[in-house]
Amino acid sequence: MMNASTTVSDVIHAHFDGLTRAERQLAESLLQNYPVSGLGSITTVAENARVSTPTVARMVQKLGYKGYPEFQAHLHQELEATISNPIAKHDRWAANAPNRHILNRFAEAVMANLRNSLGELRTATFDEAARLIGDRHRSIYFVGGRITGALAEYFFTHMQVIRPRTTLMSSNASSWPQHVLNMQDGDVLVIFDIRRYEADLTTLAEVARANGVQIIVFTDQWMSPVAQHARHCFKLHIEAPSAWDSSVVTLFVVEALIEAVQSSSWDETRERMNTLEGLFEQARLFRKPR
């Protein structure tokens, strides 16, 4: 059953096992450059997937849409949502906002985001990501964009205490080649990228993956292009009654991962934390007397 937060991609994935061979070929074609791949005419979409036009018509109905126009209308709505700027987004929310206090409205939106995100998040994905991040034989790198760079830094700040071989990459793409130079096969790159996706992050993910680096991406319900290069993708809901997207659910998952990694190697982590506390105490010796 579709609801307001369900994307066409969600619907395709939910029905994938029940599709015919030709329909699966079409579905894979649509997901390859989603959602742009579905914005052409029905004939163009069929030709790009190398299937017949009737196959397209049958599949969209099998997915629960009345026809191709309705299917494409949903894609257009998703595309509009992904590229909406803060001013346009605020205008949309302000027009539709109920006449209640912002605290209540924001809380409702955040709780809905959390319910929807947890409902779609596979525990196996979470557990495997925690295992990769906690593997001390791998170096781990963190990077985000103009806004999400703060989330990358938050994650890094905790992980550098828990384990060695952690690196925070600047949001400035000009510094990335030096980091990629140091990445080894099997290392982990954690990327944060939400709507108004940053093309440089996709290029970074593509290059890193080609060098054997494992990509973990935190993105939104519409999915950053980085996801096509990722081993694990955390697709989280971010809508809020604000000009800005909400990072609450993303931070929730990050903090859960921090605890999972910390618990899996508590003896080593405790030793590092004790050593760090000792260093903090020593550092006080170098303060100038008042």
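Below, the figures for the structure above:
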item: Residue among Glu277, Glu259, Glu120 with the largest mean-square fluctuation in a Gaussian network model of the chain, springs linking Cα atoms under 10 Å; result: Glu277
item: Neighbourhood net charge (14 Å Cβ-Cβ; Lys/Arg +1, Asp/Glu -1) for Arg165; result: +1
item: Two-site label geometry, Arg131 and Arg231: point separation in nm, points 7 Å out along Cα→Cβ; result: 1.0
item: Within the accessible area of the chain (1.4 Å probe), percent carbon and sulfur; result: 54
item: Inter-site label distance for Ala73 and Ser242 at 7 Å from Cα along Cβ, in nm; result: 3.2
item: Relative contact order computed over region 199-275 (Cα-Cα under 8 Å; 6+ residues apart), in percent; result: 19
item: Over the chain, relative contact order from alpha-carbon pairs under 8 Å, at least 6 apart, %; result: 17
item: Most to least packed among 278-284, 188-194, 215-221 [average Cβ atoms within 10 Å]; result: 188-194, 215-221, 278-284
item: Cα-based helix-to-principal-axis angle, 68-83 vs the chain, degrees rounded to 10; result: 30
item: Rounded to 10°, Cα long-axis angle of helix 199-210 versus longest principal axis of the chain; result: 80
item: Convex hull volume per residue in cubic angstrom - Cα atoms of region 213-289; result: 184
item: Around Gln221: net Lys/Arg minus Asp/Glu count, Cβ-Cβ under 12 Å; result: -4
item: GNM top mover of Gly149, Gly38, Gly64 - the chain, alpha-carbon springs below 10 Å; result: Gly64
item: The chain: most fluctuating residue of Leu31, Leu181, Leu63 per GNM, C-alpha cutoff 10 Å; result: Leu181
item: Angle in degrees between helix 86-96 and the longest Cα principal axis of the chain, rounded to the nearest 10; result: 60
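The values are calculated or read from the model by the stated rules, or taken from the named source; none is laboratory data. As the structure is a computational prediction, the values presented were derived from the model and not from experiment. For neighbour counting, all protein chains shown are included, and Cβ atoms are generated from backbone atoms with ideal geometry for every residue, glycine included. Only protein heavy atoms, including side chains, enter the accessible area calculation; ligands, DNA and RNA are left aside. Shrake-Rupley method; radii C 1.70, N 1.55, O 1.52, S 1.80 Å.
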